[in-house]
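Presented below is the structure to which this report refers.
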Amino acid sequence: MANTDERRFEVLRAIVADYVSNQEPVGSKTIVERHNLGVSSATVRNDMAALEEEGYIAQPHTSAGRIPTDKGYRLFVDRLSEIKPLSAAERRAITSFLDSGTDLDDVLRRSVRLLAQLTRQVAVVQYPMLTNTVARHLEVVPLTPARLMLVLITDSGRVDQRTVDLGDVVTEETVLRLRTVLNGALAGRRLADAAANVAELPEGAPPDLRDHLTRICTTLVESLVEHPEERIVLGGTGNLTRNVADFPGSLRQVLEALEEQVVVLKLLAAARNPGAVTVLIGEENEDEQMRSTSVVSIGYGRDDMLLGGMGVVGPTRMDYPGTIAAVRAVANYVGQILSGR
């Protein structure tokens with residue numbers, strides 16, 4: 001029986017490969033000619049009948065060909081024993097392209113563009129989550145004698161700039177004291193802890209700094225308690241329109257869903273651990289508008305610390321091994337780059 005099950009899985013794998021490649025229903029004769037299974041057309045037909053009865057393949061119309069169902073794709077993905085690694089040239093291209101990013105925004109934009117090009121699907125990347133972000137340094141830059149620029153730099157590469165009007169002229173010495181006090185409260189701390197420290201600063205500050213710190217800390221706390229993880233970068237939406245037939249009557253719904261940031265963030269919510277790929281196929285997607293799509297997502301970060309999620313959205317007729325490899329590789333490099341900044 002095990003041999004029969006294995007052979008039927010090989011038949012399913014052949015159907016998935018040919019259908020993904022050609023977008024045409026696959027018949028028994030084609031499988032025998034293209035795939036060296038070592039069995040007759042009659043045996044393949046029997047296997048296809050069994051696979052159809054079990055819900056792994058379906059007959060889209062009266063032709064002899066079959067196509068994979070969501071259940072068939074699920075079994076195929078679950079049985080992927082190994083993912084074909086990217087070539088050395090592809091890995092070098094990814095590293096070179098992402099290493100050229102100038103700041104966090106640029107790295108995320110580049111990663112989305114790269115992922116969309118590699119997979120020919122829609123790519124999405126979530127901004128790093130604040131809960132795991134540490135304030136590295138606050139630079140205080142005088143713009144005028146009474147106006148300062150605050151530049152907050154985090155360990156994930158985020159750079160946030162705010163300006164503060166102090167109301168009074170301050171000396172260089174005062175600016176230096178402010179910089180020292182502020183960095184003492186936030187440098188090396190997670191943003192939530194830094195926000196709490198900064199909020200308490202004016203109360204215990206020297207009288208001559210109290211008014212200035214009140215203005216600065218009010219502005220700074222806003223920056224520290226923002227939720228950048230609710231921001232996403234999307235790219236390659238036009239890729240979905242290359243094969244409209246993959247979304248019968250539902251492409252508009254998919255595009256509308258992708259415009260709703262909440263829907264996309266829910267898609268990435270499954271990515272809990274850096275390096276662990278999650279694949280949601282068709283009906284497995286919680287959002288009804290996305291039931292004609294597959295979502296391949298992953299967490300990016302460093303070691304066991306999750307910074308955010310990224311992934312691709314495409315039709316269920318997807319090159320799963322190639323997509324999983326690309327998503328995993330880009331996430332790995334983004335995690336390395338951001339943790340090294």
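Annotations for the structure displayed:
- Boolean, Q336 is surrounded by fewer than 19 Cβ atoms within 10 Å (Cβ to Cβ) and in contact with an Asp or Glu (Cβ under 9 Å, 6 or more places away or on another chain): no
- Test: A192 is assigned to a helix (DSSP H, G or I), assigned by the TED database to the domain that holds V140, in contact (Cβ under 8 Å) with a residue 24 or more places away in the chain and within 37 Å of the chain's Cα centre (by Cα): yes
- Within region 28-42, the residues that satisfy the criterion of being in contact (Cβ under 8 Å) with a residue 12 or more places away in the chain and either of a type in the set (S, T, Y) or within 14 Å of F9 (Cβ to Cβ) (or both) are S28, T30, I31, H35, L37, V39, S41.
- Within region 74-127, considering residues that are within 30 Å of R291 (Cβ to Cβ) and acidic (D, E), the one modelled with the lowest pLDDT: E82
- Hits in region 213-265 - residues which are open to solvent by 70 Å² or more (accessible area, probe 1.4 Å), part of a loop (DSSP other than H, G, I, E, B) and not aliphatic (A, V, I, L, M): E226, H227, R231, P248, G249, E260
- Some residue of region 152-167 being among the charged types (D, E, K, R) and free of Cβ contacts under 8 Å to residues at least 24 places away in the same chain: no
- All positions within region 41-61 that are open to solvent by less than 60 Å² (accessible area, probe 1.4 Å) and in a loop (DSSP other than H, G, I, E, B): G55, Y56
- The number of residues in region 255-302 that are charged (D, E, K, R) and closer than 19 Å to S156 by Cβ comes to 2.
- Conditions (1) in contact (Cβ under 8 Å) with a residue 60 or more places away in the chain; (2) not in a helix (DSSP H, G or I): number failed by L98: (2)
- Cβ pairs under 9 Å, 6+ apart, first in region 170-187 and touching a residue at least 40 places away in the same chain (Cβ under 8 Å), second of a type in the set (G, A, S) and in a loop (DSSP other than H, G, I, E, B): V170/A146
- If you go through region 278-306 and keep only what is open to solvent by less than 40 Å² (accessible area, probe 1.4 Å), in contact with a helix residue (DSSP H, G or I) (Cβ under 6 Å, 6 or more places away or on another chain) and either outside any strand (DSSP E or B) or at pLDDT below 90 (or both), you end up with G282, D287, M290, Y300, G301.
- Against the numbered list (1) assigned by the TED database to the domain that holds G275; (2) assigned to a helix (DSSP H, G or I); (3) within 21 Å of L267 (Cβ to Cβ), R74 comes up short only at (1).
- Any hit, region 132-149, residues being at pLDDT below 90, open to solvent by less than 60 Å² (accessible area, probe 1.4 Å), closer than 18 Å to E222 by Cβ and among the small types (G, A, S): yes
- Checked against (1) assigned to a helix (DSSP H, G or I); (2) under 30 Å from M305 (Cβ atoms), L209 meets all criteria but (2).
- Selection from region 5-19 of residues that are open to solvent by 30 Å² or more (accessible area, probe 1.4 Å) and touching a residue at least 24 places away in the same chain (Cβ under 8 Å): R7, R8, E10, R13, Y19
The values are calculated or read from the model by the stated rules, or taken from the named source; none is laboratory data. The structure displayed is predicted, hence computed values, not measured ones. Backbone-built Cβ (ideal geometry, glycine too); neighbour counts: all protein chains shown. Accessible surface is based on the protein model in full, side chains and every heavy atom, while ligands, DNA and RNA are left aside. Shrake-Rupley method; radii C 1.70, N 1.55, O 1.52, S 1.80 Å.
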